[in-house]
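**Student:** Take a look at this one; I'll ask things after.
What follows is calculated from the coordinates using simple rules that are stated; it is not laboratory data. As the structure is a prediction and not an experimental result, all values here were calculated from the model. Here Cβ is always computed from backbone atoms with ideal geometry, including for glycine, and neighbour counts include all displayed protein chains.
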Ligand SMILES: [Zn+2]
């Protein structure tokens, strides 16, 4: 019981001191700035998640609401996004470079008391997306791997691929238009191998509809892929939360943000990277459509909770 009280106190402090509420209009913020699902937490409902105290890792002290949660882990230059669905299903989209699994992802999982993954999605075979995934496969049980079916002849890719096979994990080559229902959420593959012949263009792009919000995870989709997505999906690309394509590279289609129109945009990027990511003009384009903009190189890991059509962003770890 004492732990419950402590958690509630901690949550209250977090809500009062560190939250940034996304979006505008009537559906974004509860009265007085308290998100509408805080009552659920106060009722003790989240105690069922049973997170233990992990004093050394700030994520372990955070009690999330019982909605959808995305954790954009700060893996430096690269991507690693943990998706936690409302009824407990888990998906990791990409795993950063080599060693990021051991150094960043698995410690975060331990703090979250997360011992298995229902899905690993490897958006494409570049090392800043698959490099740490072999360590994840060796560290936790994984039910299924989604991939675009395109190998890359690098040690980063083969280390991951071999680890998946060694553990007997089923591999699914996903196609554009594939839809999976996970915890009453709709997960659609918007892009996979479209024959671009380059790893970025054939990145898996996911659209997630859940808890009254929409999420777009774009891998390293480049300008051509972004234009193609607009051609195919048009205004259906609209998403409340977007992970910027390709770490905010200037290789983008500049009308893309005006189709996505996100409330929250997250750029997963390493400080001082040699690619110049994110390009200043790209940051400006996303901000120009009204997005609250977060960069992992500036604020570290970004956690976005979604419930009842409301997004709640935390950056204090
Ligand atoms: Zn990348």
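**Student:** Could you tell me which of rounded, prolate or oblate describes region 65-314, using a ≥ b ≥ c as the square roots of the eigenvalues of the alpha-carbon gyration tensor, with rounded for a/c under 1.5 and, failing that, prolate when a/b is larger than b/c and oblate otherwise?
**Tutor:** On the way: a/c = 1.31, a/b = 1.19, b/c = 1.10.
Rounded shape, in that the Cα axes give a/c under 1.5.
**Student:** Between residue 273 and residue 209, how high is the FRET efficiency from 1/(1 + (r/R0)^6) when r is the Cβ-Cβ distance and R₀ = 35 Å? Nearest 0.05.
**Tutor:** Numbers: r = 32 Å, r/R0 = 0.91.
Rounded to the nearest 0.05, the efficiency is 0.65.
**Student:** Turning to a different aspect of this structure: So, R0 is 25 Å and r is the distance between the beta-carbons of residue 173 and residue 232; what FRET efficiency does that work out to, to 0.05? Intermediate results must be reported in sequence, preceding the final value.
**Tutor:** Working: r = 19 Å, r/R0 = 0.78.
The formula returns an efficiency of 0.80 here.
**Student:** Go ahead and run the numbers for FRET between residue 155 and residue 288, Cβ-Cβ distance against an R0 of 51 Å, rounding to 0.05. Intermediate results must be reported in sequence, preceding the final value.
**Tutor:** On the way: r = 41 Å, r/R0 = 0.79.
So the FRET efficiency works out to roughly 0.80.
**Student:** Still on this structure, I have one more. At q = 0.09, 0.13, 0.14 Å⁻¹, what is the base-10 log of I(q)/I(0) for region 194-317 according to the Debye formula with one equal point scatterer per Cα and no solvent? Please give it to two decimals.
**Tutor:** Log10 of I(q)/I(0), two decimals: -0.23, -0.48, -0.56.
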